[in-house]
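Here's the structure we're looking at; comments come further down.
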Amino acid sequence: MKNFWKNKKVLITGHTGFKGSWMTLILSKFGARIYGYALNPISKPNFFDGLKLSSFLKKDIRNDILNLNKLTKSINKIKPEVIFHMAAQSSVLESYKDPLGTTKANIIGTANILEAIRSCKSVKAVLIVTTDKVYLNLEKRKKFKEGDHLGGYDIYSGSKASCEVITHSFIKSFYRNSNCKIATVRSGNCIGGGDWTKDRIVKDCAESFIFNKKIFIRSPEASRPWQHVIEPIFGYLKLAQKLYKNKSFVGAWNFGPNIKNNMRVIDVARFGKKYLNSKSKIEFISKRQYESEHLSLDSSKVTKLLKWKTHLKSKEALALSFDWYKFFYKNKNKKKLIELSFKQINNYQKKYFI
Ligand SMILES: NC(=O)c1ccc[n+]([C@@H]2O[C@H](COP(=O)([O-])OP(=O)(O)OC[C@H]3O[C@@H](n4cnc5c(N)ncnc54)[C@H](O)[C@@H]3O)[C@@H](O)[C@H]2O)c1
């Protein structure tokens with residue numbers, strides 16, 4: 001893996017976000033030449049600016065993916081070989097507040113990327129990051145496979161399902177005989193240090209428990225496949241590497257955790273409280289909007305063809321996340337936090353021979 005990424009020109013859209021920040025650190029470790037295109041981080045504090053991750057980039061472009069002209073010019077100037085498209089409005093709850101903004105950023109934004117790279121011949125592999133929420137979920141506790149019906153009750157899920165459809169239309173219309181190979185990737189809910197998106201349960205638990213404040217949780221019985229962010233990111237790198245040379249990897253890929261990793265929201269909160277040795281009270285609030293109760297992916301395709309699987313158990317992934325937030329809030333030395341992030345990445349890599 002290391003040899004492949006050394007000096008590769010890689011563009012990450014959404015590099016200032018949670019996943020983009022971890023992707024930046026991991027790719028920098030492998031010696032890639034990294035370029036970023038995104039808006040400013042959505043939260044304060046945030047992983048990217050807080051830890052000055054722009055020092056890991058060749059260029060840190062802050063602009064809107066809806067600006068097709070600027071996007072096309074940037075891509076043609078950078079001439080990336082690999083693109084990870086992660087820029088998006090990433091929150092379900094925010095999509096209820098801003099349905100049109102979410103629709104534009106996620107659907108038109110993705111179409112813009114696919115249009116912009118048509119004129120750039122250097123691009124060999126593109127991963128469009130969608131989500132496990134793209135499936136039509138009738139709450140029948142089904143494990144979704146890549147070929148299952150797409151759907152989306154809320155606008156975020158619908159917009160991401162639309163990204164899948166539009167990506168596959170672009171592939172069929174313009175990329176069938178091209179050297180540029182495109183895949184969509186669907187991971188579960190990711191956790192890990194550095195996610196300050198509103199209403200993320202792990203971040204909310206960490207902040208409440210570290211400061212012994214009361215926590216209010218919604219959907220306590222909802223069960224989710226918790227997955228540490230570095231796991232799908234290593235999977236995306238593996239897929240991009242294959243895709244770079246081989247057309248047979250074009251298509252959709254689930255990157256879900258083992259179903260045994262599903263854990264109820266209430267159990268996540270209880271685990272966090274114990275792990276952080278907190279006196280906080282856990283209280284429940286009623287759900288404001290619809291969110292799916294059960295969601296599981298069937299990742300047998302990626303396990304068979306890419307030999308990728310989730311290694312960390314839910315509680316291990318949660319422990320890594322809580323360690324990170326605790327370090328952030330208790331230790332002002334941000335250089336040391338970068339060291340901790342690299343340590344978490346290195347330990348994972350060593351332990352699982354990645
Ligand atoms: N975090 C998760 O649990 C999770 C799970 C599954 C899929 N995803 C998907 O992974 C991707 C990254 O998620 P994240 O958690 O890092 O999100 P995030 O909200 O932390 O980051 C989003 C990034 O997109 C950028 N962005 C948003 N709108 C933009 C626009 N119009 N133009 C340019 N940049 C824009 C932001 O500046 C930021 O860099 C998203 O596509 C998200 O839907 C996330």
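Details
- The set of residues in segment 12-33 that are over 15 Å from the mean Cα position of the chain (by Cα) and open to solvent by less than 20 Å² (accessible area, probe 1.4 Å) comprises Phe30, Ala32.
- Meets criteria (under 16 Å from the mean Cα position of the chain (by Cα), open to solvent by less than 10 Å² (accessible area, probe 1.4 Å) and near the ligand (Cβ under 9 Å from one of its atoms)) for Gly36: yes
- Taken together, Lys203, Lys273 contain a single residue that is surrounded by 18 or more Cβ atoms within 10 Å (Cβ to Cβ) and within 15 Å of the ligand (Cβ to nearest atom), which is Lys203.
Conditions tested, residue by residue: (1) modelled with pLDDT of 95 or more; (2) among the hydroxyl-bearing types (Ser, Thr, Tyr); (3) surrounded by 15 or more Cβ atoms within 10 Å (Cβ to Cβ).
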site	(1), (2), (3)
Asn277	yes, no, no
Leu295	no, no, yes
Ser321	yes, yes, yes
Lys330	no, no, no
Lys336	no, no, no
Glu339	yes, no, no
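- Residues satisfying the criterion are present in segment 109-121 (criterion: under 13 Å from Thr167 (Cβ atoms), open to solvent by 10 Å² or more (accessible area, probe 1.4 Å) and within 12 Å of the ligand (Cβ to nearest atom)).
- Looking at segment 1-91, the helices (runs of 4 or more DSSP H) lying wholly inside it that each contain 1 or more residues that are of a type in the set (Lys, Arg) sit at 2-5, 18-29, 68-78.
- No other residue among Lys97, Lys52 is away from the ligand (no atom under 15 Å from the Cβ), of a type outside the set (Ser, Thr, Tyr) and either open to solvent by 50 Å² or more (accessible area, probe 1.4 Å) or in contact with a His (Cβ under 9 Å, 6 or more places away or on another chain) (or both) apart from Lys52.
- Some residue of segment 174-186 being away from the ligand (no atom under 12 Å from the Cβ) and in a helix (DSSP H, G or I): yes
The values are calculated or read from the model by the stated rules, or taken from the named source; none is laboratory data. Since this is a predicted model, take the numbers as computed values, not measurements. With ideal geometry, Cβ positions are generated from the backbone for all residues, glycine too; neighbour counts draw on all protein chains shown. Only protein heavy atoms, including side chains, enter the accessible area calculation; ligands, DNA and RNA are left aside. Shrake-Rupley method; radii C 1.70, N 1.55, O 1.52, S 1.80 Å.
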